[in-house]
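The values are calculated or read from the model by the stated rules, or taken from the named source; none is laboratory data. In this text, all values refer to a predicted model and were calculated from it rather than measured experimentally. Glycine also receives a Cβ, built like all others from the backbone with ideal geometry; neighbour counts cover every protein chain displayed.
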């Protein structure tokens, strides 16, 4: 059974969903502007087989709203504090899009505790391309008397989720409306991070499991060329909705990886 709850950290409350199971838990970190609800189908797959925790990133879902412009290091510290609050020592991380950037920082902050890093939606590129992404995405609109911001928010979510998948788009639309500041904060942190450089500092086992048609799929060629030590598994078509539309395949990839690492067979 999926259980919801909160954990207190100095900055506020972090909301989570979790299931019980064997082994060190798999920590699930979501994309922008979703929340831990995007992992419910995966959590159901893990239930009874592997302990797992899906956090609402601060600024999203029911977690606290941070002030200012946090960095990816700040987000990782908040997640680490939440894991401390739950009494969790060793853990695996499965990051999806924005979650990949927080996951790599977690690996750097807690190298002795992080057992593996599974990535999906890898923004493996240079500063110029990141800046171009930031310009194209722009800033979230604030509420206006005619509700124009809601229509534009729908368009923002819709253009990145093709083909139309109601179960994915609805949750992301609601998430974007709830996380106006959070969206800008998270994207700002991601686009300021030199992901390839940080990935070189990670010492735990790393793998990629990504939808074959993910919007960032073209970047995998560069990662594979520069990091042949990182296995890449291409899953079924899902665009950005891998945790929802390919939940069983994504969950099973995470389970196989965690079990291989725990058994020492990687």
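For this structure, a couple of remarks:
- Residues of region 138-162 classified as within 20 Å of the chain's Cα centre (by Cα), touching a residue at least 24 places away in the same chain (Cβ under 8 Å) and buried (at least 16 other Cβ atoms within 10 Å of the Cβ), total: 3
- Looking across region 230-265 at every residue that is out of contact with any strand residue (DSSP E or B) (no Cβ under 8 Å at 6 or more places or on another chain) and over 23 Å from residue 54 (Cα atoms), the one that is modelled with the lowest pLDDT is identified as 265.
Quick grid of which residues meet (1) crowded, with 17+ Cβ neighbours inside 10 Å; (2) within 11 Å of the chain's Cα centre (by Cα):
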position	(1), (2)
78	yes, no
85	no, no
90	no, no
93	yes, yes
97	yes, yes
101	yes, yes
105	yes, no
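- Condition check for residue 203: outside any helix (DSSP H, G or I) and more than 27 Å from residue 138 (Cβ to Cβ): yes
- Count of region 163-186 residues which are crowded, with 21+ Cβ neighbours inside 10 Å and over 15 Å from residue 37 (Cβ atoms): 3
- Options 51, 67; residue that is in contact with a strand residue (DSSP E or B) (Cβ under 9 Å, 6 or more places away or on another chain), without any contact (Cβ under 8 Å) to a residue 40 or more places away in the chain and more than 12 Å from residue 4 (Cα to Cα): 51
- All positions within region 80-105 that are out of contact with any strand residue (DSSP E or B) (no Cβ under 6 Å at 6 or more places or on another chain) and assigned to a helix (DSSP H, G or I): 80, 83, 84, 98, 101, 104, 105
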